[in-house]
Amino acid sequence: MVVSSTVLRAKDTARIVAERLGLGSIRVDKRLDEIDFGALEGKPVAVYHAHLAGADPFTTAPSGGESLQD
């Protein structure tokens, strides 16, 4: 079984992989969707960790972004 996020490019890739491996259809799972890091998008992970400064990443969101819980 091939599992993909709901993102179109991921589903397209998953279909190609499933077809080439002879696995048939794919399964889509929203839990695999990407997280919006807002103002920290594209920054090194060290910047993200510094921004959190000990806060809970599951409930703390960067400016304009989502928490891991979202």
Item checked: Helix axis angle, 8-21 relative to the chain longest principal axis, alpha carbon, degrees -> 40 degrees
Check: For region 30-70, what is the relative contact order in percent, using Cα pairs closer than 8 Å and at least 6 residues apart in sequence?
Finding: 46 percent
Next item on the list: Counting other Cβ atoms within 10 Å, keep those with at most 15, restrict to DSSP loop, and tell me which chymotrypsin sites (Phe, Trp or Tyr not before Pro) in region 21-70 are left.
Entry: Phe58
Next item on the list: Compute the accessible area per residue over the chain, keeping the other protein chains in place, probe 1.4 Å, unit Å².
Entry: 73 Å²
Notebook entry, point to check: Which whole-number percentage describes the relative contact order of the chain, with Cα contacts under 8 Å and a sequence gap of 6 or more?
Noted result: 27 percent
Note to self: Largest first, please: the extent of the C-alpha atoms of the chain along each principal axis, to the nearest Å.
What the structure shows: 46, 20, 18
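The values are calculated or read from the model by the stated rules, or taken from the named source; none is laboratory data. Since the structure is predicted, the reported quantities are computational estimates derived from the model, not experimental observations. Glycine also receives a Cβ, built like all others from the backbone with ideal geometry; neighbour counts cover every protein chain displayed. To get the accessible areas, we keep the full protein, side chains included, count just its heavy atoms, and leave off ligands, DNA and RNA. Shrake-Rupley method; radii C 1.70, N 1.55, O 1.52, S 1.80 Å.
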